[in-house]
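Visitor: Sharing a structure with you now.
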Amino acid sequence: QVQLVESGGGLVQPGGSLRLSCAISGSLISPYVMGWYRQPPGKERELVATLTSGGFTNYADSVKGRFTISRDNAKNTVSLQMNSLKPEDTAVYYCNIRHLIVDYWGQGTQVTVSS
């Protein structure tokens, strides 16, 4: 059983940076896709970024050039570096791992971008 725990959320001013981290416990079997999703207030959950077990990345158009997803194999974490944050980035951010048809989710971490 895979368990995911996010950390690193908080309040940041527009233009600032935050780094989210997702600690992974349990065994991952390839192929899988690691990802970050977010749910803005009053909206549906949406894809932010994904990283495949083969090393391929994909980003939502709204975050391209500002966010970077990465994995630390030694620490067994997947991170999301967020730069040049905007108020519209405010959301609960969720870590996800998808293996075939099975989805694993973390509990979410709040990111608020406001002056």
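The values are calculated or read from the model by the stated rules, or taken from the named source; none is laboratory data. As the structure is a computational prediction, the values presented were derived from the model and not from experiment. Note: ideal-geometry Cβ built from the backbone for every residue, glycine included; neighbour counts use all protein chains shown. Just the protein is used for accessible areas: all its heavy atoms, side chains included, with ligands, DNA and RNA removed. Shrake-Rupley method; radii C 1.70, N 1.55, O 1.52, S 1.80 Å.
Visitor: With springs connecting C-alpha atoms under 10 Å apart, model the chain as a Gaussian network and identify which of G42, G65, G16 has the largest mean-square fluctuation.
Guide: Judging by the Gaussian network model, the answer is G42.
Visitor: OK, next. At most 10 other Cβ atoms within 10 Å and a DSSP loop assignment: could you name the chymotrypsin sites (Phe, Trp or Tyr not before Pro) in the stretch 8-87 that fit?
Guide: Passing both the DSSP loop test and the Cβ count: F56.
Visitor: Further question: Put one equal scatterer on each alpha carbon of the chain, apply the Debye formula with no solvent term, and list log10 I(q)/I(0) at q = 0.11, 0.15, 0.19 1/Å to two decimals.
Guide: -0.32, -0.59, -0.95
Visitor: When the accessible area of the chain is split by element with a 1.4 Å probe, what percent falls to carbon and sulfur?
Guide: 50
Visitor: Still on this model: Can you pull the accessible area of S27 for me, 1.4 Å probe, Å² to the nearest 10?
Guide: 100
Visitor: Right, something else. Counting heavy atoms of the protein chains only and a 1.4 Å probe, report the per residue accessible area for the chain as a whole number of Å².
Guide: I get 54 Å² per residue for this part.
Visitor: Order I101, I69 by their accessible area, 1.4 angstrom probe, all chains in place, largest first.
Guide: I101, I69
Visitor: Continuing with the same structure: For the stretch 96-112, take each phi angle, set θ = phi - 60°, evaluate the Karplus expression 6.51 cos²θ - 1.76 cosθ + 1.60, and give the result in whole Hz per residue in order, putting x for glycine and proline.
Guide: Along the stretch 96-112, the couplings run 9, 10, 10, 10, 6, 9, 9, 10, 10, 10, x, 7, x, 9, 7, 10, 10 Hz.
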